[in-house]
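Accompanying notes for the structure given below.
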Amino acid sequence: MKNLLYILAVIIGFVSCKKENEMHVEATITGLKKGTVYLQKIVDSSLIDLDSIVINGQDTFSLSTTVASPELFYIYVDKVDGSDYNDRITFFGEKGALKLNTHLEKINSEVVITGSKNHRIYTEYQNALKDINKMLAQANIEFIQAQMKNNEDDIVASDKKVTALTRAKYLRAIQFALSHKRTPVAAFIGAREIEEANVVYLDSIYNGLSKKAKATIYGKELETLIKERKKL
């Protein structure tokens, strides 16, 4: 009898812990008629499926998974419409109830996600770098075109432009991370977005993180990165 009570207590504790750490995404993708929607994340450089649902007429659905700490997740829409192109929404997830609303034709440009404080900060970060990213993408195209034409003057000029814009992007990312220094998003920026930045800046970002942010996957990555960089 005691053993049975112990087993029941363990099961109840496990279920309670799972619910407490669960991320529940209620999503509406207007225009989606048929296909499969997957909730995904990257584990050890591989994209894995955490949950999925088959869509057959309904455009509102739910996906869920357990979340150890805030990190990037993906909603991948595998449409059944004869198109080879499918869509993936990137968002910063965390435990609790999230809501996602968008339209199939503008799935990324008009997506609205609520319920995640870290996603709001992540969206602010993306918007802060939007103009630089556009200019950097264009500069990279110009650099490739100059190489294809073998025009030395254009190669040098476009290379300088790419370098200057990359430096500007890093500086803006550093400024954003430092102004949101206690958050998991700051840890993400340091570990994944500006890993080649001066270690002094990475150190400043890491030292400003909260204990919870340091315990995230990005906080741990940033700590390891700094240690490795200081060995050089």
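The values are calculated or read from the model by the stated rules, or taken from the named source; none is laboratory data. On a predicted model such as this, the values are computed, not experimentally measured, just so you know. For neighbour counting, all protein chains shown are included, and Cβ atoms are generated from backbone atoms with ideal geometry for every residue, glycine included. Protein only, heavy atoms only, side chains kept; ligands, DNA and RNA dropped before computing areas. Shrake-Rupley method; radii C 1.70, N 1.55, O 1.52, S 1.80 Å.
See the values below:
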| quantity | calculated |
| --- | --- |
| Computed magnitude of the charge dipole of the stretch 123-232 (debye, nearest 20; Cβ of K, R +1, Cβ of D, E -1) | 680 |
| Stokes-Einstein D in µm²/s, Kirkwood radius over Cα pairs - the stretch 64-180 at 37 °C with 0.692 mPa s viscosity | 192 |
| For Glu71, distant residues with modelled amide H under 5 Å away | Gly93 |
| Candidate lysines for bridging to Lys161, where Cα separation is under 28 Å - those fewer than 8 sequence places away on the same chain excluded | Lys130, Lys134, Lys149, Lys169 |
| Within the chain, helix-based [θ] at 222 nm, where runs of 4 or more DSSP H residues each add -39,500 (n - 2.57), nearest 500 | -16500 deg cm²/dmol |
| Of the DSSP H helices in the chain, those whose Cα atoms cover at least 18 Å axially and whose Kyte score averages -0.5 or more | 2-20, 152-179 |
| Share of carbon and sulfur in the accessible heavy-atom surface of the chain [1.4 Å probe, %] | 53 |
| Average accessible area per residue (Å²) across the stretch 74-211 - probe 1.4 Å, nucleic acids and ligands excluded | 57 |
| Rg ratio (alpha-carbon, reference 2.2 N^0.38 Å) - the stretch 116-232 | 1.22 |
| Stokes-Einstein D in µm²/s, Kirkwood radius over Cα pairs - the stretch 25-91 at 37 °C with 0.692 mPa s viscosity | 261 |
| Lysines with Cα under 22 Å of Lys79, excluding same-chain neighbours fewer than 8 positions away | Lys33, Lys34, Lys41, Lys99, Lys106 |
| Potential extension, Val200-Ile42 segment - 0.36 nm per residue separation minus Cα distance | 54.1 nm |
| Charge tally in the Cβ shell below 12 Å around Glu195, where Lys, Arg are +1 and Asp, Glu are -1, Glu195 excluded | -2 |
| Residues of type aspartates and glutamates that Lys227 reaches as a straight line, Cα spacing below 19 Å, ignoring anything fewer than 8 places off in the same chain | Glu193, Glu195, Glu196, Asp203 |
| Inverse of mean 1/r across different Cα pairs in the stretch 138-188, Kirkwood, Å | 12.5 |
| Within the chain, percent of DSSP bridges classed antiparallel, to nearest 5 | 80 |
| Check: the chain dipole with +1 on Lys, Arg Cβ and -1 on Asp, Glu Cβ, in debye | 1020 |
| Distant-in-sequence amide H partners of Ile55 (H built 1.01 Å from N, under 5 Å) | Gly35, Thr36, Val37 |
